[in-house]
């Protein structure tokens, strides 16, 4: 699946097309870096992401750092339960907004 970019007046949403791993992050960086130059609010949809390694998390952390330097913000949503657990363990919720995927029965995992 391809990455999708949705532009709105005050933000941009990036729908990731697959996992964030060492062998895929270069194309993700090439997608995200130009967006930081033009937007201060970026949302990243993780609905299609099942696996993230340390390099992939590094890309998201670097994106957040770049946005914060210019007074912007990052929000990630649609995060799977396992990736959400890793993000919570790393306390990334202290740096940007994270929302998990809805759980069966309509419950939602949010930080």
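Each value in this text was obtained by applying a stated rule to the coordinates, not by laboratory testing. Everything quoted here is computed from the prediction, not taken from an experiment. Ideal geometry is used to build each Cβ from the backbone, glycine not excepted, and the neighbour counts take in all protein chains shown.
Observations, loosely collected:
- Helix axis angle, 25-38 relative to the chain longest principal axis, alpha carbon, degrees: 60 degrees
- Taking the DSSP bridge list for the chain and keeping only pairs wholly inside it, about 30 percent are antiparallel.
- For the peptides 52-61, 82-91, the ranking by packing is 52-61, 82-91, with the highest mean count of neighbouring Cβ atoms within 10 Å listed first.
- Extending 7 Å from the Cα toward the beta-carbon at both residue 5 and residue 82 defines two label points whose distance is 3.0 nm.
- Expressed in Å, the radius of gyration and Dmax of the Cα atoms of the chain are 13.1, 40.
- Relative contact order %, the chain, counting alpha carbon pairs below 8 Å whose residues are six or more apart: 22 percent
- MRE, 222 nm, helices only [DSSP H, n ≥ 4, -39500 (n - 2.57), over the chain, to nearest 500]: -11000 deg cm²/dmol
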